[in-house]
Each structure stands twice: as C-alpha cells, then as structure tokens.
1. If packing is taken as the mean number of other Cβ atoms within 10 Å per residue, what is the order of 462-471, 67-76, highest first?
2. What translational diffusion coefficient, in µm²/s and rounded to a whole number, does the Stokes-Einstein relation yield for region 284-411 at 25 °C and a viscosity of 0.890 mPa s, taking the hydrodynamic radius as the Kirkwood radius over Cα pairs?
3. Arrange the following residues from fewest to most other Cβ atoms within 10 Å of their Cβ: 123, 523.
4. Which whole-number percent is the relative contact order of region 477-519 (Cα, under 8 Å, 6+ apart)?
5. Which semi-axes, in whole Å and largest first, does the equivalent ellipsoid of region 412-550 have when worked out from the alpha carbon gyration tensor as the square roots of 5 times its eigenvalues?
6. Take every Cα pair under 8 Å in the chain that's 6+ residues apart, average their separations, divide by the length, and report that relative contact order as a whole percent.
7. Summing -39500 (n - 2.57) over the DSSP H runs of n ≥ 4 in the chain and dividing by its residue number, what mean residue ellipticity at 222 nm do you reach, to the nearest 500 deg cm²/dmol?
8. For region 297-560, divide the Cα radius of gyration by the Kirkwood radius and give the resulting Rg/Rh value with two decimals.
Amino acid sequence: MIPERNLRNFFLPTTRAEMAARGWQELDVLLVSGDAYIDHPSFGIPLVGRVLESQGYRVGIVAQPRWDTQEDILRMGRPRLFCGISAGCLDSMLAHYTAFRKKRHDDAYTPGGLAGARPNRAVLVYTSLVRAAFPGLFVAIGGIEASLRRAAHYDFWSSSLRRSILVDSKADILLYGMGERPITELARRLAAGESPKGLPGSCWMASNADNAVLLPSYEEILQDKPKLMEATLAIEAQVHHGAPLLAQPHGNRFVMMAPPPPQMTQQELDDIYALPFTRRAHPSYQQPIPALTVIQWSITSERGCAGGCSFCSIALHEGRHITSRSEKSIRDEVTRLTQMPGWKGTISDVGGPTANLWGTQCTLPENLQCHRTSCLFPSICHNLKLAQMKYIEMLRGLQRLPGVKHVGIASGVRYDAALTDPDFIDALAADFVSGHLKIAPEQYENRLLTLLRKPPFSVFERFCEKFTQCSRSHGKEQYVVPYLMSATPGCTMQDMRRVSDWFRRQGWNPQQVQCFIPTPGTVATAMFYAGVDEHGAPLASPTSDHDREAQHYALFPKSRR
C-alpha cells in the first residue's frame, strides 16, 4: 500500500519539484493531455507514460494546460526528445457538444465534473502552444482525436469536410491506434538519431507518395462526396488487415499512413497491466473526477473488437483482432485492488469492448488473407473460436479470491455470440447480473441493422427470451436494458415509430437511447456525409438537427421530452 504522505512520488512528475524529488534535471518526453491526470491504465496518456518509464525514459505529464498562456507547458522545461499530445479519452468536440450540437455542462474527465478545462479541437490548440513554447521541438500527436482524424474527414460539429489533423496541426508525426508500440519505437529512434518516417502505426507528411496506394484526395472528396466512403473503407481495411502503405493528397503534399504494428501479444499486454499504476487521481486535485469513479474497480481483460460495427470507432482504434490478458495477470490485478484504500469487495467489471469475447481466437491459417469487415457480421465467422465458459470460470475464480465479494460485468455482452452457448447465458444470469443487463441491439429494422453491421432484431429477441428463462430458473427477477440509437444512417421517422411501437407492446420505456453522432473516421459517418452505403448505393439519412431531434424524441412519451 502506498503511504499517503509519499503519494506524489509514485506519480509521473507534473512539476519541477516532483522532477527534483526523482533527481531529474530534464525530461526525455513531455506528455500533454486534455484529461485530468488519473494514473490508471484506462487513460491513454498515463498508460503510454508508464510504458515509456518502464523503458528507462524520464517522462512528465502536463494535464489540462491553460491555453491562454504557455506557463503550464513550460513548467518542467524543454524535453530532450519530443512532446506527445492527446486531447484525452474523448474527441474534444464530442466531450463538449451533444448529438444536437448543444453545449455540454459537464466533463467526466475533469475535477468536479466541470466543463471548460480543455479547448475545442484540443490537439490543434495544444500543438500550437508547444510549438510556441519550444520552437523546433519534435511533436507527436495521438489519442482518439488525432487517430480518427488522420485523413480527410467529415466534422459533424462544423458540418464540413476537414483536412487531416496532421496537416492542420503541423505536428511532425501522428501515432494512430493504441500507442504503446509506436511511441516507444519513436522514442528509441529519436534517441538514436534515426528517422521516424515509416514507423508502423504512424502518419507523416511527404512531398511524394512512392510505393503507396493513393486514396481520394481531400480536394476530390470536396467535389465528390461518395469518395469519402472509398477512402474510409480503404483505411478500415488497412487497420484490420495490415498492408499496404496508404497516401492521401492534400494539395501538393501527401499524408502518408503506415500499416499498423503487429498485434500485441498476451505477454506484452500482461506486462503493461503489471506496471506500477496507483489507480488514483493526482493528489493535487481537490475535487473528485467522475470518470475515476466509473472505472476505479474495473479490470480491462482484452483489447480489440471483433464486431467492426460501422458506427463504432473501437475496432478502428484498437483493431479487430482480440488480444486477451492471461488469467494470472487479471488475478494479480484484482489482488492489488483488494489492498487499495476504499476497496469494498466488488469488481464492477471484467471486460473490454465486449466482455464475452475474452479468450476468443482466430483460427484462420496465417497463409490465408481475411477480407471480412467483421468477425460477427453478417454471421459469426467459423474461424472465430469463442471461449465464453472459460471466461465464466475465470470470473468464478476471481470471486473466490480473498477480499472479493462480487464480480460484475458492465462493459456489455455480444448477444449473438452468447446465443451460441446456452450454458454461458445461464451462468451469466445466475451469478454475474445484478438486476439489469445492458446490451445493444442499436436499432429495430433489419435494413438499418445491416447498415450498422449488427445482427437481425430477432436475435436480440431470442436472447431476451433465453435470459429471462435462465433468470427465472434461478429465482431471480432480472431484466435486459437495451441500448438504442436514433437517427442512424438510412433511418426514417416511420422506422422510429415502429421501434417505439415495439417498446409499447413490451410494456417498456426506453432508458438507454443515444442519437447517432457522426464521429470522424467511421463507415457510418461516411454514409451520413456521402449519402451512400458502403456498396455505393444511394442512402438518405436524417442530417438536419430538426429531423434528428424529431426521430430521437419519437421514442419517448411527450411527458418525457
């Protein structure tokens, strides 16, 4: 257990005084984040900071710097190698505005949950600050905001096509996806005086595009909207399947996009989660940070998402191939949790993008090339070997650990996968649901579900029936809480009325409803902007705020508007 009086010494430095406590006169790497500093592996900047620290680099963090002064950026001095910049765990525009472009009044990643601690388009603002503070310093941008804006992209909040964020920020390199491998290799190359160009998982600017596959240019997409779909599908294929090198013209220069690095191994993932995270907010904060409350007692069990849903950025950022942590690694982390102040005996979640895909493996021979966009849609791939009962046995083992009273699943269950193993559903209902299970059918009409790359609605209905039966057999009254989206690509008001009618017939009131937000980089966003589906067929979508709000509130009784 960390002594409270020495707590600051267990965080990466944030001030000169904290550097001095470590005997440092200079940083190797300065990391800038739009989130408050929570030393937890669920937060990108602290995660890559700990990974760099484990490689022997001196790393400091500036969290949520003021953007009307250089003082916060300057307080630890110029780093020796580079500055890494992230907007935080969310795209800053998504953090600031609702699906109807209304200003949010809260920010879960800020002390007190108060909005206003990060600027709009934070990556651009922070890069400008660093350039002014440290002229000539090498600057790398990354995180979800930079990762999904690496090519020309539709920006919902300005309702316009924007250039690659690499062009607008004038950073030296962009690291996309999960950044541990790219950022450590960047540090190694810069320390050795080597060029970082060509780094797997990175983008950079070039004056020619030799040996690269050309994407439609920014200028071409401005003139011909469906070309955004062409570019988006090519980038998705690169993330899912690797090569080739891609290039997108912007004027007379090219945004070069290297293939992603190889999939992380189980041992590498285990090593990352064994790093000395305090799992606490920096002691300088006087108010609680809401995001920490949600994840403090949770465990990340895997990376990647096999779903490849067209509206979701997880597979684009983490990859479609799943890497699962070992049971020992997860047990060791739970044991550390039980020794922390405030532990009450409950693990809120053991999961990732999809909880019941832990342990899943692809058995496709290495000499064969997969061309699927999803391992689960339009049906579950026969090469995907699920391990759902092994996951249940792992959870039961965690419940037997000293100090653990209960283990829950909060990160969501893929119900089409669950239906392949009735024993899994039975065990889920018996031991790991406390009243309500959240799952995501997303829509009602199968035409719309196909666009979203989700299974037919009848699959959801079959799961609900089976889950209810299993719950009752164990003497439990438990319910499924469906997560829905309104105003998805191709959706009409008639479609929303039909799903509302379905809820009325069930006697349910919708509780988890989100209006579709066209976030940068996804296939569904390309549908929204280009007016075509992924096969190029014309597709009408609700694009005005008036139409989107009308569809959204069609799900609710007038008294709840």
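Quick note: the coordinates plus some simple rules give every number you see, no bench work behind them. None of these values were measured; they are calculated from a predicted model. Glycine also receives a Cβ, built like all others from the backbone with ideal geometry; neighbour counts cover every protein chain displayed.
1. 462-471, 67-76
2. Here the translational diffusion coefficient equals 152 µm²/s.
3. On the way: 123 28, 523 25.
Ordered by Cβ neighbours within 10 Å, fewest first: 523, 123.
4. Relative contact order here is 62 percent.
5. Over the Cα atoms of region 412-550, the ellipsoid semi-axes are 31, 16, 12 Å.
6. Values: 1089 pairs, mean separation 68.1, N = 561.
Normalised by residue count, the contact order of the chain is 12 percent.
7. For the chain, the value works out to -9500 deg cm²/dmol.
8. Numbers: Rg = 19.5 Å, Rh = 19.8 Å.
Rg divided by Rh gives 0.98.
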